Amino acid sequence: MDYTPDLTPLFAPKRIAVVGASSTPGKIGNIIMQNLIDAGYEGEIIPVNRKGDEILGLPVTHDVKDIQGPLDLGVIVIPPKFVVPTLEDLAALPVKAVIIITAGFKEVGKDGYYLEEQVKEICTKAGIALLGPNCLGMINTASKVNASFAVGQPQPGKIAFFSQSGALCVSILDWALGQNIGFSSFVSLGNKALLDESHMLEHLVDDPATKVILGYIEGVENGVRFMRAARKVTPKKPVVLIKSGTTSAGAQAASSHTGAIAGSDQAYTAAFRQSGIIRAHDVKTLFNLAESFSSQPLPKGPNLAIVTNSGGPGILAADACGNSDLMMARLSAASVDKLKEFLPPYASLYNPIDIIGDADAERYAKTLEIVLADERVHSVMVLLSPTATVQVEETARAVIAQAKNSAKPIFACFMGDVAVREGRRLLQEASVPCFSFPEPAIESINTMYQYFETINKPAAAEICFLRHMGKAKKIIDQAKAAGQTEIVEFQAQGVLQAYDLPQPKTILARTSDEAVKAAKDMGYPVVLKIASPQISHKSDVGGVKVNLRDEDAVRAAYLDITSRAARMRTEAFISGCLVQEMAPKGSREVIVGFKRDPQFGPLILFGLGGIYVEVLKDVSFRLAPLSISDAQEMVREIKSFPLLRGVRGDKPVNFQAIEDVLLVMSQFALDFPEVYEAEFNPVLVSETQALVADVRVILAEH
């Protein structure tokens, strides 16, 4: 059952009870009370404690049962053994939302796990919005609620932040106070017994106080719901997340190339990309992006203009631009003529626009006005080096004045520290992002441009292929009945046929005479491959011979392959050899595979094929279902794409044929949840077609 409670009572409660409120300074129950009062909360606060008459000037209620009428929010700060009965009493009032600050639940082991399950059951039945347990609490500046035990009151702002880690919440909140960064909401998710990242996204998309959503996640429990929520939010508001734990633990041994390469981090990267989430790899970048998105309009194109009083920093910025999706804007002739009217003759009138080290604030202002008016310019960065004659504060005010009237994003880079500190402060207060060095500024502008491109892309077209599911299911069911965990090539040929995938002519030969006959029938040259249910990596046993051009070569290859396999794999049943036609001349090998991620489902892989894919790892990933544009992007984003496009006179491969194979693999992965991994390797691609030359299907363990 989907748990979708109304979160308004959590974020904007009118009546709050703090169960475990304390009059002792330093205790969590006291800190929460003090934070609610200091935040200027205008609703009713009910401290609940078995002792005392008042806490911080408010009358004490000795038992939850004594509270008259319903509550919007209950904050629980009592030992874990009292939480369940207290929660039952709160539910009886009733209460609409609960924050359980208390630790000692599933994070401590079996007993805590069962206790948390009881808490979940009560809240689910009563329709209570549950945050926590084992969390720091929640802050919402718009409703003047600070139901947390964090130190300090955050300033109001346009940034919402949620985190699975309470310790990170404390650190970031303290850092943000020092940097004068404000928040609309600040949420510690804790154990995520019920409310999680998906619920936060679903609520914050409609929050008028929030312009940018930030988050720190360690993992998501329901990847499909998470992506659904993100896809709803990202067209309206940027979502910037840090994901920790970027290495795969390898919970299940991988037996295919795809399985060896596809880890949990690739699944998260694909999920973020396909749902429009922006991924930050460190906290500094997270807040650089938050500040940029919350204060500046999106660039409507890639063209960046740089205005600088120093050549070196301008070149650094241009280099950073060259390593991004941005382009150095080429000013119009009219703009250049206007700049000539007042800039010194030795100034650089082209981009970067170097207005020379003696530039005053007026020169900056005039240059900025002309550059911003140029239709070819989509964003502007103002660079300032603290020369002896530069007017730092006056230049900052000039930038601010231009930014107020501009529909284009303006970024500042005031290099240095002491000499430019006051200018930076002025810019920050006016919501103009200011950086110490050009590179992070370029990164922020580039990310904003990428986001603009993402939200303005046409809706992805999904496709469903006709297939004979019954035929494929029969092959899979037979393998399961036989106790097999893997269906190798000679058994899996029917799967390819069921999905109408083209393949080279292939015949199973059980004797050398049959191999010779098959080769004659299909025409030389041919390939021979070992056929055994127990041998999946054929090259490991010398189980493949290519370019066999006559009867003697085929007979010798058959005997060599089968005898070698029997010696090296004594436990294997040798069915014979597959005889297969050679790839068309000029074909290139690619790999298409998938591995089922526990959170997000089938993770599709594409790359150059053959035996080197695990070594080179030049691959791309997307989650199923693939759209046509997903398949097209996968093919084109690998580093070795030029080899497929054709080099030194080679003709380009048939890209649509590759995309069709990717889309079929996506469909197959969705059709059969009992399949854990599958791989087509190699797929032989020529200018006319894509032939699946080898296939393996790995079943999930039951």
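Within the option set N351, N309, being free of Cβ contacts under 8 Å to residues at least 60 places away in the same chain and within 21 Å of M415 (Cα to Cα) holds for one residue only, N351. Those strands (runs of 3 or more DSSP E) of the stretch 71-153 that lie entirely within it include none in which at least 1 residues are among the aromatic types (F, W, Y) and without any contact (Cβ under 8 Å) to a residue 60 or more places away in the chain. Could you please let me know if R397 is in contact with a strand residue (DSSP E or B) (Cβ under 9 Å, 6 or more places away or on another chain) and among the basic types (K, R)? No. Taking the criterion of being out of contact with any helix residue (DSSP H, G or I) (no Cβ under 8 Å at 6 or more places or on another chain), assigned to a loop (DSSP other than H, G, I, E, B) and of a type in the set (D, E, K, R), the only residue of the stretch 501-527 that qualifies is R510. Output yes when any residue across the stretch 290-299 is in contact with a His (Cβ under 6 Å, 6 or more places away or on another chain) and either outside any helix (DSSP H, G or I) or under 21 Å from S431 (Cα atoms) (or both), and no when none is. Yes: the stretch 290-299 contains one or more residues that are in contact with a His (Cβ under 6 Å, 6 or more places away or on another chain) and either outside any helix (DSSP H, G or I) or under 21 Å from S431 (Cα atoms) (or both). Condition (residue is modelled with pLDDT of 95 or more, touching a strand residue (DSSP E or B) at 6+ places or on another chain (Cβ under 7 Å) and closer than 26 Å to L168 by Cα) applied to the stretch 299-317: is it met by at least one residue? Within the stretch 299-317, none of the residues are modelled with pLDDT of 95 or more, touching a strand residue (DSSP E or B) at 6+ places or on another chain (Cβ under 7 Å) and closer than 26 Å to L168 by Cα. Can you say whether V380 is modelled with pLDDT of 95 or more and under 15 Å from A329 (Cβ atoms), as far as the supplied structure shows? The answer is yes for V380. Among F452, F435, which is at negative phi and in contact with a helix residue (DSSP H, G or I) (Cβ under 8 Å, 6 or more places away or on another chain)? Checking each option against the conditions leaves just F435. Based on what the data block shows, is I530 closer than 20 Å to K505 by Cα and either assigned to a loop (DSSP other than H, G, I, E, B) or in contact (Cβ under 8 Å) with a residue 12 or more places away in the chain (or both)? Yes, satisfied. Of the residues V554, V516, V541, V526, which is of a type in the set (A, V, I, L, M, F, W, C) and under 42 Å from the mean Cα position of the chain (by Cα)? Matching residue, one of V554, V516, V541, V526: V541.
Looking at this structure, is L201 at pLDDT 90 or above and either crowded, with 19+ Cβ neighbours inside 10 Å or under 20 Å from the mean Cα position of the chain (by Cα) (or both)?
Details: at pLDDT 90 or above: yes; either crowded, with 19+ Cβ neighbours inside 10 Å or under 20 Å from the mean Cα position of the chain (by Cα) (or both): yes.
Yes, satisfied.
Assess whether I370 counts as being farther than 27 Å from Q450 by Cβ and modelled with pLDDT under 95. Judged against the criteria, I370 is not a match. When the stretch 664-702 is limited to residues that are more than 25 Å from Q534 (Cβ to Cβ) and of a type in the set (A, V, I, L, M, F, W, C), the one that is nearest to the chain's Cα centre (by Cα) turns out to be L670.
With respect to D6, determine if the residue is surrounded by fewer than 15 Cβ atoms within 10 Å (Cβ to Cβ), within 36 Å of the chain's Cα centre (by Cα) and part of a loop (DSSP other than H, G, I, E, B). Here the answer is yes, as D6 does meet what is asked. The test for being at pLDDT 95 or above and within 45 Å of the chain's Cα centre (by Cα) holds for L603.
Can A21 be described as under 42 Å from the mean Cα position of the chain (by Cα), free of Cβ contacts under 8 Å to residues at least 60 places away in the same chain and surrounded by 19 or more Cβ atoms within 10 Å (Cβ to Cβ)? Break it down into steps so the answer makes sense when it comes.
Details: under 42 Å from the mean Cα position of the chain (by Cα): yes; free of Cβ contacts under 8 Å to residues at least 60 places away in the same chain: yes; surrounded by 19 or more Cβ atoms within 10 Å (Cβ to Cβ): yes.
Answer is yes for this residue.
Residues are listed down the side, and each one gets a yes or a no for (1) touching an Asp or Glu at 6+ places or on another chain (Cβ under 6 Å); (2) touching a residue at least 40 places away in the same chain (Cβ under 8 Å); (3) part of a loop (DSSP other than H, G, I, E, B):
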{"site": "A412", "(1), (2), (3)": "no, no, no"}
{"site": "V418", "(1), (2), (3)": "no, no, yes"}
{"site": "S431", "(1), (2), (3)": "no, yes, yes"}
{"site": "P440", "(1), (2), (3)": "no, yes, no"}
{"site": "Y451", "(1), (2), (3)": "no, yes, no"}
{"site": "K457", "(1), (2), (3)": "no, yes, yes"}
{"site": "L466", "(1), (2), (3)": "no, no, yes"}
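Suppose we filter the stretch 569-586 for residues that are among the hydrophobic types (A, V, I, L, M, F, W, C) and outside any loop (DSSP other than H, G, I, E, B); how many remain?
Let us first name the residues in the stretch 569-586 that are among the hydrophobic types (A, V, I, L, M, F, W, C), namely 572-574, 577-579, 582-583.
Those still in the list that are outside any loop (DSSP other than H, G, I, E, B) too: 577-579.
Count: 3.
State which residue is farthest from the chain's Cα centre (by Cα) when the search covers only the stretch 634-653 and only residues that are surrounded by 16 or more Cβ atoms within 10 Å (Cβ to Cβ) and at pLDDT 95 or above. So the residue we want is V635. Is it true that some residue in the stretch 601-609 is in contact (Cβ under 8 Å) with a residue 60 or more places away in the chain, surrounded by 14 or more Cβ atoms within 10 Å (Cβ to Cβ), under 16 Å from S536 (Cα atoms) and not hydroxyl-bearing (S, T, Y)? Checking the stretch 601-609: at least one residue is in contact (Cβ under 8 Å) with a residue 60 or more places away in the chain, surrounded by 14 or more Cβ atoms within 10 Å (Cβ to Cβ), under 16 Å from S536 (Cα atoms) and not hydroxyl-bearing (S, T, Y).
With I46, I37, I31 as the choices, which residue is closer than 20 Å to A129 by Cβ and either modelled with pLDDT under 95 or within 42 Å of the chain's Cα centre (by Cα) (or both)? Before you say what the answer is, go through the steps one by one.
Values: I37 fails: closer than 20 Å to A129 by Cβ; I31 fails: closer than 20 Å to A129 by Cβ.
Every option except I46 fails the conditions.
Condition first: closer than 21 Å to D265 by Cβ and not in a loop (DSSP other than H, G, I, E, B). Now tell me which residues in the stretch 195-227 satisfy that.
Our first condition is that a residue be closer than 21 Å to D265 by Cβ; within the stretch 195-227, this holds for 196-198, 201, 214-227.
E197, S198, L201, L214, G215, Y216, I217, G223, V224, R225, F226, M227, listed by residue number.
Before we move on, is A320 part of a helix (DSSP H, G or I), of a type in the set (G, A, S), closer than 21 Å to K300 by Cβ and in contact (Cβ under 8 Å) with a residue 12 or more places away in the chain? For A320, the condition - part of a helix (DSSP H, G or I), of a type in the set (G, A, S), closer than 21 Å to K300 by Cβ and in contact (Cβ under 8 Å) with a residue 12 or more places away in the chain - is met. When each of E551, E571, E589 is tested for being closer than 17 Å to F680 by Cα, acidic (D, E) and either surrounded by fewer than 21 Cβ atoms within 10 Å (Cβ to Cβ) or touching a residue at least 12 places away in the same chain (Cβ under 8 Å) (or both), the lone residue that passes is E589.
Within the stretch 561-568, can one find any residue that is within 27 Å of G223 (Cα to Cα), in contact with a strand residue (DSSP E or B) (Cβ under 6 Å, 6 or more places away or on another chain), part of a helix (DSSP H, G or I) and touching a residue at least 12 places away in the same chain (Cβ under 8 Å)? Checked against the condition, which is being within 27 Å of G223 (Cα to Cα), in contact with a strand residue (DSSP E or B) (Cβ under 6 Å, 6 or more places away or on another chain), part of a helix (DSSP H, G or I) and touching a residue at least 12 places away in the same chain (Cβ under 8 Å), the stretch 561-568 yields no hits at all.
Tell me, which strands (runs of 3 or more DSSP E) wholly within the stretch 627-702 include 3 or more residues that are in contact (Cβ under 8 Å) with a residue 60 or more places away in the chain and in contact with a Lys or Arg (Cβ under 9 Å, 6 or more places away or on another chain)?
Values: elements: 675-685, 690-692, 695-699.
It comes to 675-685.
The values are calculated or read from the model by the stated rules, or taken from the named source; none is laboratory data. For clarity, every value in this text was computed on a predicted model and none was experimentally measured. In this analysis, Cβ positions are derived from the backbone assuming ideal geometry, glycine residues included, and neighbour counts consider all displayed protein chains.
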